[in-house]
Amino acid sequence: MEKETAGDPISGLKWTRKTTAKLARELGRFGIDVSRNTVGRLLREMKFCLRTNRKTISCGSTSDRDRQFRYLRRQRDQFEKRGDPVLSVDAKKRELIGNFKNPGVKWEQSATVVNDHDFRTNAKGIGIPYGIYDTTANRGSVFLGISHETSAFAVTSLRAWWQNEGRKRYPSSRHILILADTGGSNGARRAAWKQELQRQLCDGLGLTVTVAHYPSGASKWNPIEHRLFSQISRNWAAEPLYSYDKALKFIRTTTTTTGLKVTARLDTKIYPTGVKVSKQDRAQLSIRHKRVLPKWNYTISPNVN
């Protein structure tokens, strides 16, 4: 065991990369015949235990991360005090619509039988949930796309949220704060994302949009992850998403003890990928980058004609 042992110098816990079956076979070569269960018991007596990898090492800039988190806190406080909406946005992983296994467990008298492979060709389609979580109201809104996760899809979802819910909940607000990850359809370096915000929200609806991105590798701190998406995953755990209607039903019936309510809509529009933003179009953006980490923080205002 000496060459195969690692441990925690604080707690005293130790672990090995060898399985109990391998250790039992090696002991057998020394004339010690024991079962794998006995090996497991002996390991526990020696303070060994089963361990998984733990994601705790940050690969980003610690100083920038800390500075951005403090800035995010100030921005949220300012918008909430003014009564303006604070929206946490992101896209959940795409789902195959059909008789496919969905992770999780549920109480049943017999197991649900599903396809043995998750082949795209056997699916009725795909579902791309783009979520918008109103942090102040504790309300979620999910738009289920059927084509691609693009910036146009993301901002179209935001526009629909404002028209259906936002302007009713915040009738006097003309300024919104968006909390987003640094990558994906709403990425900090994505020109198409900024162009769509300018075109659809700022020029189209007369809104001023401030965006603050979570640092790279810190997406799990985005409120939508644990306030909305994790609750949806828990609600449809072990339920095959046979159809779009079933997926929408489980999203809409997602609730929590803290009062979360969720709306869901199907977006059947096809969003093409590979859309390029020209230098001329970028020059038309009415964007102002913040002094604090401008790569992650900016405000887009309506163009004045």
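The values are calculated or read from the model by the stated rules, or taken from the named source; none is laboratory data. Computed from a predicted model, the values in this text were never measured in an experiment. FYI the Cβ positions are ideal-geometry reconstructions off the backbone, even for glycines, and counts take in every protein chain you see. Remember, those area values only see protein heavy atoms, side chains included, never the ligands or the DNA or RNA. Shrake-Rupley method; radii C 1.70, N 1.55, O 1.52, S 1.80 Å.
Has segment 181-189 got at least one residue that is assigned to a helix (DSSP H, G or I) and modelled with pLDDT of 95 or more?
The answer is yes; a qualifying residue exists.
Scan segment 269-285 and report the pairs whose first residue is within 21 Å of Asn303 (Cβ to Cβ) and whose second residue is among the aliphatic types (A, V, I, L, M) and not in a helix (DSSP H, G or I), with Cβ atoms within less than 8 Å and a gap of 6+ or a chain change.
The qualifying pairs are Leu285/Ile300.
Filter segment 31-43 for residues that are surrounded by 11 or more Cβ atoms within 10 Å (Cβ to Cβ) and in a helix (DSSP H, G or I) and give the result.
If the condition is that a residue be surrounded by 11 or more Cβ atoms within 10 Å (Cβ to Cβ) and in a helix (DSSP H, G or I), then Arg36, Thr38, Val39, Gly40, Arg41, Leu42, Leu43 are the ones that fit.
What number of residues in segment 64-88 are basic (Lys, Arg), farther than 12 Å from Pro215 by Cα and surrounded by fewer than 18 Cβ atoms within 10 Å (Cβ to Cβ)?
Final tally of qualifying residues: 4.
Return the pair list, or none, for Cβ contacts closer than 7 Å from residues in segment 187-211 that are of a type in the set (Asp, Glu) to residues that are surrounded by 17 or more Cβ atoms within 10 Å (Cβ to Cβ), at least 6 apart or on different chains.
Here the result reads Glu196/Ser151; Glu196/Ala152; Glu196/Val155; Asp203/Pro302, each pair linking segment 187-211 to a residue that is surrounded by 17 or more Cβ atoms within 10 Å (Cβ to Cβ).
Tell me yes or no: at least one residue of segment 261-270 is at pLDDT below 95 and either under 18 Å from the mean Cα position of the chain (by Cα) or surrounded by fewer than 15 Cβ atoms within 10 Å (Cβ to Cβ) (or both).
No, segment 261-270 contains no residue that is at pLDDT below 95 and either under 18 Å from the mean Cα position of the chain (by Cα) or surrounded by fewer than 15 Cβ atoms within 10 Å (Cβ to Cβ) (or both).
Give segment 94-132 a look and list any residue that's acidic (Asp, Glu) and more than 19 Å from Tyr271 (Cα to Cα), or say none.
Glu108, Asp116, Asp118
Only one of these is surrounded by fewer than 20 Cβ atoms within 10 Å (Cβ to Cβ) and more than 21 Å from the chain's Cα centre (by Cα): Arg159, Arg199, Arg190. Name it.
On inspection, the qualifying residue turns out to be Arg199.
Where residues in segment 273-303 are assigned to a loop (DSSP other than H, G, I, E, B) and of a type in the set (A, V, I, L, M), which of them is most open to solvent (accessible area, probe 1.4 Å)?
Going through the qualifying residues, I end up with Val275.
Can you go through Ala111, Ala123 and tell me which one is open to solvent by 50 Å² or more (accessible area, probe 1.4 Å) and among the small types (Gly, Ala, Ser)?
Going through Ala111, Ala123 in turn, just one is open to solvent by 50 Å² or more (accessible area, probe 1.4 Å) and among the small types (Gly, Ala, Ser): Ala111.
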